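The values are calculated or read from the model by the stated rules, or taken from the named source; none is laboratory data. It should be emphasised that the depicted structure is a prediction, and the values quoted were computed from it without experimental measurement. Backbone-built Cβ (ideal geometry, glycine too); neighbour counts: all protein chains shown. Heads up: the accessible areas ignore ligands, DNA and RNA and are worked out on the full protein's heavy atoms, side chains in. Shrake-Rupley method; radii C 1.70, N 1.55, O 1.52, S 1.80 Å.
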Amino acid sequence: MSTLGGKIKSVQIKDGPLSSTQLNQKRELVAKYRSFWDKAKYNKGWSKPLFERHEVDDLLDEAAEIVVRIRDGLGSKYTKCRNLLPSHGSAHEYLWNLETNPLDDKPGFVRDIVHATFSNTAGYLNSLSLQAIDDAILQVRNIRSRLQLERLQRIEKTRESLLEQWKTATSTFEELFPGLTDVVLQQEESDLKKRQLASEESHIHKLIESLTAINAQ
């Protein structure tokens, strides 16, 4: 494989959420990965894959994001030689030769897909190295973990805010309409008892009809 420049020792990954362009690139790459299961031998039932596509969708999504972020970190070093490989590299070949279930080692599967995307039998694209890619994978995983944590914190903060607003609204309602809350609850309890009584009466009525029919025989 032709390469540009010397050995790339490291790739600096940009922090923050993916841009809209990067999200589109990720979706396109995931589609390329997923097309492995569209091969005629699988669709026609001539052969069965080791695992189903839906089992690894999340892993393919993670691998695609890592690849997109690495490509962005490489910048022009990637764009100048991206046509030397298909966009998914040798990922299909990796999937075809895989002999173990990726669910047994999810991080390892994602790592291998990323490495396969940047390489073929002749080696790594643009003088990338195994170590440079592994370091980049670790960077992306740290970014993803932090962004996920921040997202969960925002969700929890929103939940707490809504709960506080609900308490305030309930307190204001009780101040404006003292005793009304108890009246509403009592009415609901009364309605529930009426429905239960009606259900029991209906059941008894049906039972009497059945007994009457049996006696008539």
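Within the stretch 117-139, take every residue that is hydrophobic (A, V, I, L, M, F, W, C) and open to solvent by 10 Å² or more (accessible area, probe 1.4 Å) and give me the one that is nearest to the chain's Cα centre (by Cα).
Leu138
For the residues Leu95, Leu152, the requirement of being closer than 16 Å to Leu59 by Cα and assigned to a helix (DSSP H, G or I) singles out Leu95. The number of residues in the stretch 90-109 being open to solvent by less than 10 Å² (accessible area, probe 1.4 Å) and closer than 17 Å to Glu28 by Cα comes to 1.
Among the conditions (1) at pLDDT below 95; (2) surrounded by 14 or more Cβ atoms within 10 Å (Cβ to Cβ); (3) of a type outside the set (Lys, Arg); (4) within 26 Å of Leu147 (Cβ to Cβ), Leu84 misses just one, which is (4).
Looking at the structure I just gave you, is Leu147 out of contact with any Leu (no Cβ under 7 Å at 6 or more places or on another chain), under 19 Å from Ile13 (Cβ atoms) and not in a loop (DSSP other than H, G, I, E, B)? Yes. Every condition in (1) open to solvent by 30 Å² or more (accessible area, probe 1.4 Å); (2) not in a loop (DSSP other than H, G, I, E, B) holds for Ala63 except the one numbered (1).
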